[in-house]
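The values are calculated or read from the model by the stated rules, or taken from the named source; none is laboratory data. Values in this document were obtained by computation on a predicted structure and should not be read as measured data. So basically every Cβ, Gly included, is an ideal-geometry build from the backbone, and we count neighbours across all protein chains shown. Each accessible area value is taken on the protein alone, full model and side chains, heavy atoms only, with ligands, DNA and RNA left out. Shrake-Rupley method; radii C 1.70, N 1.55, O 1.52, S 1.80 Å.
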Amino acid sequence: MAHSILLIQPGQPETRTYSDYETVVACMDGVCKIFEEHLKRLHPHSPSITYDISQLFQFIDNLEDLSCLVLQKNTKTYAPYNKDWIKEKIYDQLRKQAAS
């Protein structure tokens, strides 16, 4: 898989940040972890946090900006992907995890 950079802006431009990952799968896991940390901040006294994919997708949609740059090995450039692509990759990944 290809090196990926996750660009995230939860609100105002000052909140922009990025994370890099060795693979697209690790990047999508990173998006889920960001959401889980958000839920932990909302419910600090809950011993466990559960959510469904619609809540995760709503969180993604409510972010000011979220995109992923994925290294294209043949051109040695990064291709940009939007929220819809990210949601599709997360859905595929979670479906595969549920099946195994």
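List, please: which pairs have Cβ atoms under 7 Å, are six or more places apart or on different chains, and start with a residue in region 30-47 that is within 13 Å of I60 (Cα to Cα) and end with one that is hydroxyl-bearing (S, T, Y) and open to solvent by less than 60 Å² (accessible area, probe 1.4 Å)? So the pair list comes out as G30/S19; G30/Y21. The numbered conditions (1) within 15 Å of L6 (Cα to Cα); (2) in contact (Cβ under 8 Å) with a residue 24 or more places away in the chain are all true for N82 except (2). Just wondering, is there one or more residues in region 12-20 that are closer than 19 Å to E88 by Cβ and modelled with pLDDT under 95? No, region 12-20 contains no residue that is closer than 19 Å to E88 by Cβ and modelled with pLDDT under 95.
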